[in-house]
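All remarks here apply to the structure that follows.
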Amino acid sequence: MDLFETERIGDCMNISKFTQKSQEVVQGCEKIAMDHGHQEIGQEHMLSAMMTVDDSLIRKLIEKMGITHYPVCIAKTQYSFSTDPKLYGAVEGFEFHVQDIVMNAGAEMLVVIAGEIMRMPGLPKEPQALHIDIVNGEIEGLS
């Protein structure tokens with residue numbers, strides 16, 4: 001069913017009450033999802049549609065903030081091109097899920113958080129601090 005063949009989407013959204021720009025974004029979401037063979041509209045579809053719609057408010061905000069020159073860093077698993085660390089060697093045919101976009105103003109970069117990752121580089125799953133203790137007045141576990 002096309003989202004715009006009916007006046008209502010589900011039981012809670014009346015599309016005719018949306019602004020024209022909002023309707024364009026929802027139509028863009030639907031198109032992006034369908035182009036990628038997705039059955040549902042997700043956050044990634046919404047963000048992409050909001051960025052690419054004519055006269056985009058988000059694009060205007062980025063321009064007004066003066067950060068259009070910021071490079072984009074994608075924070076994702078080191079084990080795969082996808083966001084799935086178990087999907088080794090995949091260079092095509094995978095989905096790339098964006099969790100968040102963070103602006104690091106000091107470093108002048110936008111960081112796209114993709115998948116479930118730990119952002120602090122070089123930290124083990126269990127920090128060494130858990131193994132530091134004082135025994136008989138001596139510090140142990142520092143080496």
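Descriptive notes on the structure:
- Cβ-Cβ distances below 6 Å connect the following pairs, each with a first residue in segment 26-54 that is in a helix (DSSP H, G or I), a second residue that is among the hydroxyl-bearing types (S, T, Y), and a separation of six or more residues or different chains: I32/S48.
- Segment 58-80 residues that are within 16 Å of N104 (Cα to Cα), paired with ones that are in a loop (DSSP other than H, G, I, E, B) and at pLDDT 80 or above (beta carbon under 6 Å, 6 or more apart): I62/T68; Y70/E108
- Residue match in segment 98-111 (condition: modelled with pLDDT under 80 and either within 24 Å of L47 (Cα to Cα) or loosely packed, with under 13 Cβ neighbours inside 10 Å (or both)): yes
- Total residues in segment 123-139, condition surrounded by 10 or more Cβ atoms within 10 Å (Cβ to Cβ) and part of a loop (DSSP other than H, G, I, E, B): 2
- Residue that is modelled with the highest pLDDT, among those in segment 1-25 that are outside any helix (DSSP H, G or I), farther than 23 Å from I58 by Cβ and of a type outside the set (A, V, I, L, M, F, W, C): N14
- Considering only residues in segment 28-42 that are among the small types (G, A, S) and surrounded by fewer than 18 Cβ atoms within 10 Å (Cβ to Cβ), the one that is nearest to the chain's Cα centre (by Cα) turns out to be G42.
- If you filter segment 64-95 down to residues that are modelled with pLDDT of 75 or more, under 23 Å from A33 (Cβ atoms) and β-branched (V, I, T), you find that the one that is surrounded by the most Cβ atoms within 10 Å (Cβ to Cβ) is I74.
The values are calculated or read from the model by the stated rules, or taken from the named source; none is laboratory data. The shown structure was predicted, so the numbers you read here are calculated from the model rather than taken from an experiment. Backbone-built Cβ (ideal geometry, glycine too); neighbour counts: all protein chains shown.
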